[in-house]
Amino acid sequence: MTTSAARTTAKFAAGEDLIVFVHIPKAAGTAFNDVLRRVYGTGFLEYHPRFAGFDARELTAEQAAGIRALSAHRGYGYHRMFGERVGPPHRRDGLFTGRTLRYVSILREPADRLYSYYRFVSSNPKHRLHAELSGLAVEDFFARLASLDHQACGNLQCRLIQGGREPHSATAAIARVRERYEAVVTIGDMAGLIAYLARTSGWALPDSAPPRRNVTPGVTDETDRAFVRAFTERHCAEDLALYRYVAEEVSPRFALPAAG
């Protein structure tokens, strides 16, 4: 098993905090992962099935004991996918039963996120959709994604925040935020989220802000942006409602004081 999970050696007692990050694509998650990696080292497991080099079900109880933070492009509840899934009811959290689960996530304004996704796929040869979609005008790009029933053309942020297989909606996602998440912020308050976790978890962090990662260079095309905004309003109304709620009611709780 060639993964940081295999190299984990530290052990943590039952009840030890486990930060579980729901990583929404193109919403500053890579930069946040860098912070978790700096803080926890091999105690941080960033799981992506195409790159992790192991099946999540192969994770052992001994390896799980050394994990302090998880990150994945997976919805709420994904911590249960690691190790054996079958067990008695009191082991509903699987390998992490007995740990204090601290779910967190970062949202991005939906039209901004989709426009960033379009530019990222179009300009990044390593992306799995680049060969098929690069060079397409923005209208054709999203028409092609819609024809593939790609998750980017739906309410992806609601789906990941809510988790589960039931119909996804802003109402259900907001209920999940209220009941199960320790913190959900917008990109603008990511530094506040980091400061909050540092304060409540005893992190020692440098004074510098986390670097921006996976930022696509180039000039914004306002015509393309207008199309993406209209597309978002048609296809991602639930994400827009979720974002408005978090931006107005939740994220400000974690905002850093204004300088000056």
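Want the number for residue 16 to residue 171: 0.36 nm per residue separation, take away the alpha-carbon distance, what's left?
On the way: separation 155, 0.36 × 155 = 55.80 nm, distance 3.12 nm.
Length difference between fully extended and current span is 52.7 nm.
Packing here is the average count of other Cβ atoms within 10 Å per residue, and on that basis the peptides 137-149, 168-180, highest first, run 168-180, 137-149. The 3J(HN,Hα) values that the Karplus relation (6.51, -1.76, 1.60; θ = phi - 60°) gives for the stretch 158-172 are, in residue order, 4, 4, 6, 5, 6, x, x, 9, 5, x, 9, 8, 4, 4, 5 Hz. Gly and Pro appear as x. Backbone geometry of the stretch 130-141 corresponds, through the Karplus equation with coefficients 6.51, -1.76 and 1.60 at θ = phi - 60°, to 3J(HN,Hα) couplings of 4, 4, 7, 10, 5, x, 7, 5, 4, 5, 6, 4 Hz, x marking Gly and Pro. Which whole-angstrom value gives the distance between the alpha carbon centres of the stretch 222-255 and the stretch 133-193? Taking the Cα centre of each part, the stretch 222-255 and the stretch 133-193 sit 10 Å apart.
Most tightly packed first, judged by the mean number of other beta-carbon atoms within 10 Å of their residues, the peptides 70-79, 241-250 read 70-79, 241-250.
Each reported figure results from applying straightforward, stated rules to the coordinates on display, with no laboratory input. In this text, all values refer to a predicted model and were calculated from it rather than measured experimentally. Please note: Cβ atoms are built from the backbone with ideal geometry, for glycine as well, and neighbour counts cover all protein chains shown.
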